[in-house]
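A.B. asks: Dropping the structure in here first, questions after.
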Amino acid sequence: MILVTGGAGFIGSNFVLDWLDKLDEPVINLDKLTYAGNLDNLKTVADNKKHIFVKGDIGDFELVSKLLAEHKPRAVLNFAAESHVDRSIHGPEDFIQTNVVGTFHLLEAVRAYWRGLDDEEKAAFKFLHVSTDEVYGTLEKNDPPFNERNRYEPNSPYSASKAASDHLVRAYHHTYGLPVLTTNCSNNYGPYHFPEKLIPLVIHNALNGKPLPIYGDGQQIRDWLFVKDHCTAIRRVLSAGRLGETYNVGGWNEKPNLEVVHTICDILDELQPRADGQSYKSQITFVKDRPGHDRRYAIDATKLEKELGWKPAETFETGIRKTVQWYLDNQAWVENITSGQYLKWVEKQYQ
Ligand code: NAD
Ligand code: TYD
């Protein structure tokens with residue numbers, strides 16, 4: 001079996017659902033259920049005996065050690081993190097606690113477990129760390145996309161905390177020989193994306209007659225990847241990646257934010273037109289920019305393609321249409337989230 005952390009979040013839950021759909025191997029899912037963790041994402045596997053959910057913290061050395069000893073996973077995949085840049089600007093502490101200290105305690109528990117395995121199990125074991133392209137900092141308009149040899153230049157508390165965790169993972173390989181793999185992926189989108197991030201926020205606000213907030217001039221560029229493609233990339237790296245290596249994962253889909261929002265409005269205009277006949281674009285509102293806002297991210301995923309034969313299945317056009325349709329079909333999922341804690345965040349961020 002494998003142990004996944006953060007498997008109730010956006011990418012982790014997509015990964016767990018895909019894994020159980022495609023493979024026969026059980027998953028232990030360790031998640032703290034922060035505001036971003038949502039058991040609704042895992043409803044369809046609630047009765048699946050191959051899915052064992054455990055509420056807990058990756059920083060809890062005792063708990064992680066106990067789970068490892070009890071279930072003897074052949075791999076640990078670390079998705080758990082605080083992941084929202086804007087929240088890291090308002091309050092970096094949780095990011096340091098989970099992404100840096102939590103990853104450290106997780107690595108310590110995994111190292112102790114791995115050391116105690118017999119030779120065969122030890123040789124088969126892998127620790128896969130899921131990270132982001134944001135660790136590389138920002139690109140100018142004509143710079144080549146980030147490859148695995150780019151310098152780490154994180155600019156937000158979020159990306160700095162992820163960079164620190166990547167360095168710890170790297171150090172555990174070089175110092176202790178822990179068999180690790182790291183993936184650095186570009187911006188994901190798709191089902192179960194928490195509606196504080198650009199794409200689900202815009203879909204939700206559009207449908208609810210609220211402003212579509214664009215930071216600054218809206219010309220910041222992100223390289224979008226459909227979440228299911230990220231999941232296939234992680235499975236591929238887990239099965240065939242070279243230990244100690246990092247792999248950049250991206251969709252070759254660079255888009256300015258304003259274009260992304262226009263595309264979402266066009267699809268919504270077609271699938272669920274506004275009652276007054278106006279375009280959802282009329283709800284676009286330019287708001288104050290994010291401090292230290294990275295201008296452009298872009299991923300060069302050549303290594304992953306050449307070495308492991310991975311390519312994304314979706315273009316941005318096909319993936320975004322599926323995503324908008326998913327949100328239209330799953331309004332109840334969104335409604336369950338957009339209450340309580342989350343509303344307080346919206347008030348603070350967009351006041
Ligand atoms: P998310 O915020 O949607 O989910 C994070 C999950 O981790 C939640 O279920 C949360 O409850 C859990 N969690 C948080 N702290 C924890 C802790 N201390 N112990 C156990 N569980 C904890 O994030 P996501 O978008 O699904 O991102 C998953 C991973 O992928 C993160 O490591 C993130 O840095 C990375 N990543 C995300 C993107 C993206 O576009 N979303 C892109 C590249 C990489
Ligand atoms: P986000 O989804 O927060 O991802 P990240 O910051 O990790 O790239 O934001 C994507 C882009 O959209 C980023 O350039 C910030 C911008 N953005 C807005 O313009 N308005 C918003 O309300 C949000 C949440 C993001």
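A.B. asks: Quick one: in the stretch 205-228, which of the residues that are part of a helix (DSSP H, G or I) and open to solvent by 10 Å² or more (accessible area, probe 1.4 Å) is farthest from ILE267 (Cα to Cα)? So that I can check it myself, show each step before the final result.
C.D. replies: Quick first cut of the stretch 205-228, residues part of a helix (DSSP H, G or I) only: 205-207, 227-228.
Okay, now just the ones that are also open to solvent by 10 Å² or more (accessible area, probe 1.4 Å), so 205, 207, 228.
Working: ASN205: 14, LEU207: 12, LYS228: 20 Å.
If we take residues in the stretch 205-228 being part of a helix (DSSP H, G or I) and open to solvent by 10 Å² or more (accessible area, probe 1.4 Å), then LYS228 is farthest from ILE267 (Cα to Cα).
A.B. asks: Oh, and also: So which pairs qualify, if the first residue must be in the stretch 301-315 and without any contact (Cβ under 8 Å) to a residue 60 or more places away in the chain, the second must be open to solvent by 40 Å² or more (accessible area, probe 1.4 Å) and part of a helix (DSSP H, G or I), the Cβ gap must be under 8 Å, and the two must be at least 6 apart or on different chains?
C.D. replies: Partner pairs satisfying both residue conditions: LYS311/GLU305.
A.B. asks: What's the total number of residues in the stretch 216-239 that are of a type outside the set (Asp, Glu) and over 21 Å from the mean Cα position of the chain (by Cα)?
C.D. replies: 3
A.B. asks: On the given criteria, is GLU140 within 29 Å of LYS72 (Cα to Cα), touching a residue at least 40 places away in the same chain (Cβ under 8 Å) and open to solvent by 40 Å² or more (accessible area, probe 1.4 Å)?
C.D. replies: On the way: within 29 Å of LYS72 (Cα to Cα): no; touching a residue at least 40 places away in the same chain (Cβ under 8 Å): yes; open to solvent by 40 Å² or more (accessible area, probe 1.4 Å): yes.
Here the answer is no, as GLU140 does not meet what is asked.
A.B. asks: Please go through the stretch 145-191 and give me each residue that is in a loop (DSSP other than H, G, I, E, B) and away from ligand 2 (no atom under 13 Å from the Cβ), ordered by number.
C.D. replies: Answer for the stretch 145-191, where residues must be in a loop (DSSP other than H, G, I, E, B) and away from ligand 2 (no atom under 13 Å from the Cβ): PRO145, ASN147, GLU148, ARG149, ASN150, ARG151, TYR152, GLU153, GLY177, LEU178, PRO179, PRO191.
A.B. asks: Can you tell me which of HIS84, HIS129 is within 16 Å of ligand 2 (Cβ to nearest atom) and either modelled with pLDDT under 95 or at negative phi (or both)?
C.D. replies: Sole residue among the options that is within 16 Å of ligand 2 (Cβ to nearest atom) and either modelled with pLDDT under 95 or at negative phi (or both): HIS84.
A.B. asks: Could you list, in sequence order, the residues of the stretch 87-126 that are within 16 Å of ligand 2 (Cβ to nearest atom) and either in contact with a Pro (Cβ under 7 Å, 6 or more places away or on another chain) or more than 20 Å from LEU63 (Cα to Cα) (or both)?
C.D. replies: Within the stretch 87-126, ARG87, SER88, ILE89, HIS90, GLY91, PRO92, PHE95 qualify.
A.B. asks: Testing PRO144 on (1) within 20 Å of the chain's Cα centre (by Cα); (2) more than 15 Å from ILE58 (Cα to Cα), one condition comes back false. Which one is that?
C.D. replies: (1)
A.B. asks: Confirm whether LYS306 is closer than 15 Å to ARG236 by Cβ, at pLDDT 95 or above and out of contact with any helix residue (DSSP H, G or I) (no Cβ under 7 Å at 6 or more places or on another chain).
C.D. replies: yes
A.B. asks: Further, regarding this structure: From the set of residues in the stretch 192-204 that are open to solvent by 20 Å² or more (accessible area, probe 1.4 Å) and within 11 Å of ligand 2 (Cβ to nearest atom), which is nearest to TYR327 (Cα to Cα)?
C.D. replies: PHE194
A.B. asks: Which one of LYS288, LYS311 is modelled with pLDDT of 95 or more and either under 20 Å from the mean Cα position of the chain (by Cα) or away from ligand 2 (no atom under 16 Å from the Cβ) (or both)?
C.D. replies: On the way: LYS288 fails: either under 20 Å from the mean Cα position of the chain (by Cα) or away from ligand 2 (no atom under 16 Å from the Cβ) (or both).
It is LYS311.
A.B. asks: Separate question: I'd like the full set of residues that are within 16 Å of ligand 2 (Cβ to nearest atom) and β-branched (Val, Ile, Thr), limited to the stretch 1-56.
C.D. replies: ILE11
A.B. asks: Quick one: is GLU121 farther than 22 Å from TYR247 by Cβ and surrounded by fewer than 23 Cβ atoms within 10 Å (Cβ to Cβ)?
C.D. replies: yes
A.B. asks: I'd like to verify a number: residues in the stretch 227-251 that are within 16 Å of ligand 2 (Cβ to nearest atom) and either in contact with a Ser or Thr (Cβ under 7 Å, 6 or more places away or on another chain) or not aliphatic (A, V, I, L, M) (or both), how many?
C.D. replies: 5
A.B. asks: Now a separate question. Would you pick out the residues in the stretch 67-97 that are within 15 Å of ligand 1 (Cβ to nearest atom) and farther than 25 Å from SER159 by Cα?
C.D. replies: LEU67, LEU68
A.B. asks: Hey, among the residues in the stretch 235-280 that are more than 30 Å from GLY216 (Cα to Cα) and touching a strand residue (DSSP E or B) at 6+ places or on another chain (Cβ under 6 Å), which one's surrounded by the fewest Cβ atoms within 10 Å (Cβ to Cβ)?
C.D. replies: Filtering the stretch 235-280 for residues that are more than 30 Å from GLY216 (Cα to Cα) and touching a strand residue (DSSP E or B) at 6+ places or on another chain (Cβ under 6 Å), the one surrounded by the fewest Cβ atoms within 10 Å (Cβ to Cβ) comes out as LEU238.
A.B. asks: Of (1) buried (at least 21 other Cβ atoms within 10 Å of the Cβ); (2) over 21 Å from VAL85 (Cα atoms), SER165 satisfies all except one. Which?
C.D. replies: Of (1) buried (at least 21 other Cβ atoms within 10 Å of the Cβ); (2) over 21 Å from VAL85 (Cα atoms), only one is false for SER165: (2).
The values are calculated or read from the model by the stated rules, or taken from the named source; none is laboratory data. Here the structure is a predicted model, which is why all the values come from computation and not from measurement. All Cβ positions, even for glycine, are placed from backbone atoms using ideal geometry, and neighbour counts span all protein chains on display. In case anyone asks, the SASA skips ligands and DNA or RNA and just uses the protein heavy atoms, side chains included. Shrake-Rupley method; radii C 1.70, N 1.55, O 1.52, S 1.80 Å.
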